[in-house]
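S.K.: Sending over a structure as structure tokens; questions will come in a sec.
The values are calculated or read from the model by the stated rules, or taken from the named source; none is laboratory data. On a predicted model such as this, the values are computed, not experimentally measured, just so you know. Because the Cβ atoms are built from the backbone with ideal geometry, glycine has one as well, and the counts that use them run over all protein chains shown. Remember, those area values only see protein heavy atoms, side chains included, never the ligands or the DNA or RNA. Shrake-Rupley method; radii C 1.70, N 1.55, O 1.52, S 1.80 Å.
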Amino acid sequence: MIEQVPGKVDMDKLVSLCKRRGFIFPSSEIYGGLGACYDYGPLGVELKNNVKKAWWKTVVQERDDMVGLDASILMHPQTWVASGHVEGFADPLVDCKQCRQRWRADHVKDGKCPACGGELTEPRMFNLMFKTFVGPVEDKASIVYLRPETAQGIFVNFQNVLTSTRKKLPFGIAQMGKSFRNEITTGNFIFRMREFEQMEIEYFVKPGTDEGWFKHWVEARFNWYCDLGIKKENLRLRQHAKDELAHYARDCYDIEYLFPIGWSELEGIANRTDFDLKQHAKYSGKDLSYFDDETKEHFIPYVIEPSAGVDRSILAFLADSYDEEKDKEGLRVILRLHPALAPIKVAVLPLSRNEALLPLSRDIYNSLRKCWIVQYDDAQSIGRRYRRQDEIGTPFCVTIDFQSLEDRQVTIRERDKMRQIRVPIEVLKHTLEAKLCGEPLDVLPPGGKKWLGFEAS
Ligand code: ATP
């Protein structure tokens, strides 16, 4: 069951576009699917890789104070005792006595079953961690958990990273990867999944400097979504009330997005103090303190944790970029995705299937695909092919026509305003590179000219 905010893109439309064009499919669909698990199709995997690449570029590649990590999903079970997940990572579960559906007690509004209005049982706590076994014997001693967050892999590697990189505070460790939660209430497409991906940072600081760094990360993470094209009016910050905070947390903000299902958390940023490192030091018996060369003090750093979901970000990017325009031919559906996120960067479209255009078109295609994910399409009319690319968010199409054979020039057509420029083939790659990095379309390379769609000047 999918809820819908009036005025926002229809969630059903998004789900059907994702299925039809190969972004996202229900998992194991031929067997009827598996609740809250999804598969990313040929375009979806490109989009997902691009979201992760954009995050890594901003938080690791472009910063001096960050390094990356890729820890294993299965960890020593004591990890989850120390982190508090074995004891407390639970949601209150209620059952409907009439239709037997299960709900999260905190998601039920008036104490009645949201599906049939039936009476609900008393809430009981339900641990969200998936269990499995290591080795051949399925007994208590061999229980391990599929990680419900990536963060603990960072804490347990704090000393390894510190000694191997010789980093000084403040510094952070970034990690992305799969997490698993046996969620009770699902059903809003990829908003809440049982298997999903997270992008998490643990940023270690000297106690006393934590408030400044907390502010820094709240701003930095908010701006990341804006820089990748999300409209500011669809984003907001929500500070957690004192009674919402975990007992060890000093402060927490959610970055919320106006999803088709309403304002909901996209990313959480928390000041977790020294809780996690202290817990792991206690349970492992290892020293996880930091030695400050200048003050000659040992202390446990505080940590700021920006924790984002890959799949929720994808849902936000898709919902925010979806647009429709009425025109002579009917409806133009456009995904106005930021070029860094678009699955296909350039489409190469010969004007027709005429044999004469084939060698040059294939040459151009082969040369461009060395740089980007490029699609070649020569089926149906050029107008239909432009529409197909608009619908999947391709920022640029390159059209090869009969005149191209004479003057060695091709047309670049952009997605958002459908404007066109004509450029020499020898500067095509550089021109596309500049445009994909944000150079305005009307900046022309030597020999280039404005073509269709520009105001007459
Ligand atoms: P919620 O309140 O929605 O259950 P949470 O507060 O438990 O989320 P965190 O533990 O803070 O979430 O996880 C950090 C981020 O990971 C979330 O902001 C979200 O983007 C993503 N995330 C968490 N759970 C899921 C899920 N089940 N499916 C998809 N993404 C998720």
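S.K.: Between region 47-87 and region 187-240, what is the C-alpha centre distance in whole Å?
M.R.: With region 47-87 and region 187-240 each reduced to a Cα centre, they are spaced 14 Å.
S.K.: What shape does region 180-282 take by its C-alpha gyration tensor, where a ≥ b ≥ c are the square roots of the eigenvalues and a/c under 1.5 counts as rounded, a/b above b/c as prolate, and the rest as oblate?
M.R.: Verdict is oblate for region 180-282.
S.K.: Quick one: check the C-alpha center-to-center distance for region 266-298 versus region 149-176, whole angstrom.
M.R.: That distance is 11 Å.
S.K.: Arrange the residues 155, 291, 275 by how much accessible surface each exposes, largest first, with a 1.4 angstrom probe.
M.R.: Greatest to least solvent exposure: 291, 275, 155.
S.K.: What span do the alpha-carbon atoms of region 1-85 cover on each of the three principal axes, reported in whole Å from largest to smallest?
M.R.: Taking the Cα atoms of region 1-85, the three principal extents are 41, 35, 29 Å.
S.K.: Please work out the average accessible area per residue across region 1-47, using the 1.4 Å probe convention, and give it in Å².
M.R.: Ligands and nucleic acids excluded, the result is 57 Å² per residue.
S.K.: While we're here: Find the accessible area per residue for region 217-307; the probe is 1.4 Å, ligands and nucleic acids are left out, and the unit is Å².
M.R.: Normalised by residue count, the accessible surface of region 217-307 is 48 Å².
S.K.: Divide by every residue of the chain the summed helix terms, -39500 (n - 2.57) for each DSSP H run of at least 4, and state the resulting mean residue ellipticity at 222 nm, rounded to the nearest 500 deg cm²/dmol.
M.R.: -8000 deg cm²/dmol, from helical runs alone.
S.K.: If you don't mind, there's one more thing I want to ask. Would region 188-243 count as rounded, prolate or oblate if I go by the C-alpha gyration tensor, calling it rounded below 1.5 in a/c and otherwise prolate when a/b exceeds b/c, oblate otherwise?
M.R.: prolate
S.K.: Return a whole-number percent for the relative contact order of region 206-262, with Cα pairs under 8 Å and 6 or more residues apart as the contact set.
M.R.: About 30 percent, as a whole number.
S.K.: Quick one: order 247, 240, 76 from most to least accessible surface, probe 1.4 Å.
M.R.: 247, 76, 240
S.K.: Using a simple spin-label model with points 7 Å from Cα along the Cα→Cβ vector, what separation in nm is obtained for residue 53 and residue 134?
M.R.: 3.5
S.K.: For residue 263 paired with residue 29, estimate the spin-label separation in nm (one decimal), with each label point 7 Å from Cα along the Cα-to-Cβ line.
M.R.: Computed distance between label sites residue 263 and residue 29 equals 3.5 nm.
S.K.: Lysines near residue 206 by alpha-carbon distance under 18 Å, same-chain residues fewer than 8 away left out - which ones?
M.R.: Residue 206 reaches 167, 168, 215, 278, 296.
S.K.: Give the ranking of 73, 230 by solvent-accessible surface, highest area first, calculated with a 1.4 Å probe.
M.R.: 73, 230
S.K.: So how far apart, in nm, are the two label points at residue 215 and residue 121 if each is 7 Å from Cα heading toward Cβ?
M.R.: Rounded to a tenth, the inter-label distance reads 4.9 nm.
S.K.: Note down the net charge around residue 362, summing +1 for each Lys or Arg and -1 for each Asp or Glu among other residues with Cβ under 13 Å from its Cβ.
M.R.: Neighbourhood net charge equals -2.
S.K.: Related question: Rounded to whole Å and ordered largest first, report the semi-axes of the equivalent ellipsoid of the chain derived from its Cα gyration tensor (root of 5λ).
M.R.: 45, 29, 20
S.K.: In degrees between 0 and 90, to the nearest 10, how far off the longest principal axis of the chain does helix 382-392 point, with axes built from Cα atoms?
M.R.: Roughly 10 degrees between the two axes.
S.K.: Using the Cα gyration tensor of region 70-131, with a ≥ b ≥ c the square roots of its eigenvalues, what is the shape: rounded (a/c below 1.5), prolate (a/b larger than b/c) or oblate (neither)?
M.R.: prolate
S.K.: Between residue 165 and residue 19, what FRET efficiency follows from the Cβ-Cβ distance if R0 is 45 Å, with the result rounded to 0.05?
M.R.: Rounded to the nearest 0.05, the efficiency is 0.55.
S.K.: Within region 115-167, report the GluC sites (Glu not before Pro) that DSSP leaves as loop and that have at most 14 other Cβ atoms within 10 Å.
M.R.: Taking region 115-167 and a limit of 14 other Cβ atoms within 10 Å, the loop GluC sites (Glu not before Pro) found are 138.
S.K.: Take the Cβ-Cβ distance between residue 452 and residue 231 as r, set R0 to 22 Å, and report the resulting FRET efficiency rounded to the nearest 0.05.
M.R.: 0.20
S.K.: With a cap of 15 neighbouring Cβ atoms within 10 Å, and only residues DSSP puts in a loop, list the GluC sites (Glu not before Pro) found in region 292-344.
M.R.: Loop-located and lightly packed - 294, 329.
S.K.: Leaving out ligands, DNA and RNA, and with a 1.4 Å probe, what % of the accessible surface on the chain is carbon or sulfur?
M.R.: That fraction is 51 percent.
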